[in-house]
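What follows is a set of notes on a single structure, which appears directly below.
Nothing in this text is a laboratory measurement; each read-out follows from the coordinates by a stated rule. Keep in mind that what you see is a predicted model, and the values were worked out from it rather than measured. For neighbour counting, all protein chains shown are included, and Cβ atoms are generated from backbone atoms with ideal geometry for every residue, glycine included.
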Amino acid sequence: MINQQVNLYTPELRPTRQRLHAGTAGALVGIVLVILVAVMAYGRWHNQTLEQQLERLEQQNRNLETAVASMANQVQARQPDPELEASLARITETIARRQRLLERVEGLATHNHGGFSGRLSALARQVPEDLWLTAVRLQSLPSAMRLEGRTRAAELVPSYLARLGDEPAFVGETFGDFRLQRPDDEADHQWVEFRVATQPGEASGR
């Protein structure tokens, strides 16, 4: 029996070691550095873009807040003043009362009460704000007059009577009786009731 050995481990089949040259290594390092620089540059650019967008959004928010504040001020400025509304309501009520008195005067004049129409017209013209007449009594023979009303300020009553003295219908007229009192009801305690009359004792009568 013949044995034959064959050597297959020839130099051609042996693994070879390839050495990395310095130039190739430098090129690889350069490529890696370029990639890193590019990534860092992109990240920085992206961050700057986000910061710019954030700044624009914050500016838009500030503009919106300014616009809202301006609109709120305009709305508040357009709201009516409560004191002005109350004053307007009082003036309107005074005008309405005077108009009602004048209408009553015209009605009396139509029914041939010419002697009283001048006085009633004067009473209506001179009624001040915050003073109300609740009753008027005029008598021709003998001549007499009684006024009843209420007011928030007692000093308005003598002022009203003084203004009546400037009216031709009341020239020479004097009020011999004058009474002021507050109502017994607590709810009406802010009011002052008054009664004045040309004849003594008339102000206490009904």
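Some observations on this one:
- Ordering of 120-126, 179-185 by burial proxy (mean other Cβ atoms within 10 Å per residue, highest first): 120-126, 179-185
- FRET efficiency estimate (nearest 0.05) - Cβ-Cβ, E173 to A89, R0 45 angstrom: 0.85
- Label sites at Q139 and E155, each approximated as a point 7 angstrom past Cα along Cα to Cβ, lie 3.4 nm apart.
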